[in-house]
1. Quick one: what pairs do we get from the stretch 38-55, first residue more than 15 Å from A79 (Cα to Cα), second surrounded by fewer than 16 Cβ atoms within 10 Å (Cβ to Cβ), C-beta under 6 Å, 6+ apart or different chains?
2. Inside the stretch 215-252, can you point out the residues that are surrounded by 17 or more Cβ atoms within 10 Å (Cβ to Cβ) and either β-branched (V, I, T) or not assigned by TED's automatic domain parsing to the domain that holds N305 (or both)?
3. Would you please name the residue that is surrounded by the most Cβ atoms within 10 Å (Cβ to Cβ), looking only at residues in the stretch 174-189 that are outside any strand (DSSP E or B), in contact (Cβ under 8 Å) with a residue 24 or more places away in the chain and on the phi < 0 side of the Ramachandran plot?
4. Looking at (1) at pLDDT 80 or above; (2) exposed (fewer than 14 other Cβ atoms within 10 Å of the Cβ), find the lone condition where G117 falls short.
5. Hey, could you check the stretch 206-236 for residues that are at pLDDT 90 or above and in a loop (DSSP other than H, G, I, E, B) and say which is nearest to K271 (Cα to Cα)?
6. Residues of the stretch 128-144 being surrounded by 15 or more Cβ atoms within 10 Å (Cβ to Cβ) and either of a type in the set (D, E, K, R) or not in a loop (DSSP other than H, G, I, E, B) (or both), which ones?
7. Against the definition (more than 16 Å from F203 (Cα to Cα) and within 23 Å of the chain's Cα centre (by Cα)), how does N305 come out, yes or no?
8. Sort out which residues of the stretch 231-246 are hydrophobic (A, V, I, L, M, F, W, C) and under 17 Å from F203 (Cβ atoms), and write them in order of number.
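The values are calculated or read from the model by the stated rules, or taken from the named source; none is laboratory data. Computed from a predicted model, the values in this text were never measured in an experiment. Note that each Cβ is placed from the backbone with ideal geometry, even for glycine, and that neighbours are counted across all protein chains shown.
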Amino acid sequence: MTGTLYVVATPIGNLADASPRAIETLRAADLIACEDTRASRTLLARHGINARTVALHEHNERAATPKLIAALRDGKNVALVSDAGTPGLADPGAWLVAEAHRAGALISINHPFVLCGGCAWSYDAAARDFDAIEVWNGPWDFTDEPALKMWEKILQSGRRITAVASSDSHRPDTPIGEPATHVAAKVLSQAALLKAIREGHAFLTDGASRFVGFEAEVTTGKHRSRWSIGDEIRLNAPGTLRFFISTEGTRPDATVSLISNGQTIRSFPAKTNGEPQVVEIDCRHDSYFRLEVRDGKKAMLALTNPIYVKIGRQR
């Protein structure tokens, strides 16, 4: 599947409350699936958007979805909108999203706290079926902190969802690749990249030149296997984990924080030369461990997806 399905939130009430990003997304769409084409055309006409529209409502959703999936397979970009609010939550669209997911699409919550007056959305329940969440969009700012907290809450609930970052092409002062998502895929192919993202084998930085290394090993046993970002460590019993943490290209005032289950359990100055720093942690229960690297003003420089730990013999 080479096209992109955009789930676009539209204003509730005042059409002027539509976010710039929503409008730009609708402008870039080849096809717009609408709960009510007449209602959506009012919004589109206001902004001079002439993309083709098709109806997708509760009475035709299952019949109309195959044609939209075919358009996505052909490389078309499809935007999904409802009369007001976020489609797929209280409106038609959930079936289309689910079918796109089953067809191999990677489903991501993008920019969940973008400013949009009159837009009402909540992803808490819907996040169960998402592969990724964009916790970092463009230069780190106040809209990224709640996205990070939302991701952390999802992780604490026991669900696994991959954190991603992207540059904001709607802001002219944001270069492509700032921030960047670094993906550890086995081969360079779309399928391998999507698989690696789904499995959480990724770390995020404010630019492509920064690097974060994060590995773990168990201190007991003869064989010292190494696990990395996105991996799951299985322990028969509680034990001690040894983490190897390295950073390159960070600022002199940068601090590394090791975070587990919503708590910062270690903090120390970052090294800029890639030399590993070793931290040992006594792990007594199922956990996850991830890193954040911030500068002296608390702006994010880098963060990793977790290394997960499961304790107890598996049946």
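1. From residues that are more than 15 Å from A79 (Cα to Cα), the pairs are R46/L15.
2. Result: V218, I229, I233, I245, T247, T250.
3. P179
4. For G117, the exception is condition (1).
5. This residue is D206.
6. First, the residues of the stretch 128-144 that are surrounded by 15 or more Cβ atoms within 10 Å (Cβ to Cβ): 130-140, 143-144.
Correct list: D131, A132, I133, E134, V135, W136, N137, D144.
7. It is false that N305 is more than 16 Å from F203 (Cα to Cα) and within 23 Å of the chain's Cα centre (by Cα).
8. Kept after step one, since they are hydrophobic (A, V, I, L, M, F, W, C), are these residues of the stretch 231-246: 233, 235, 237, 241, 243-245.
The answer is F243, F244, I245.
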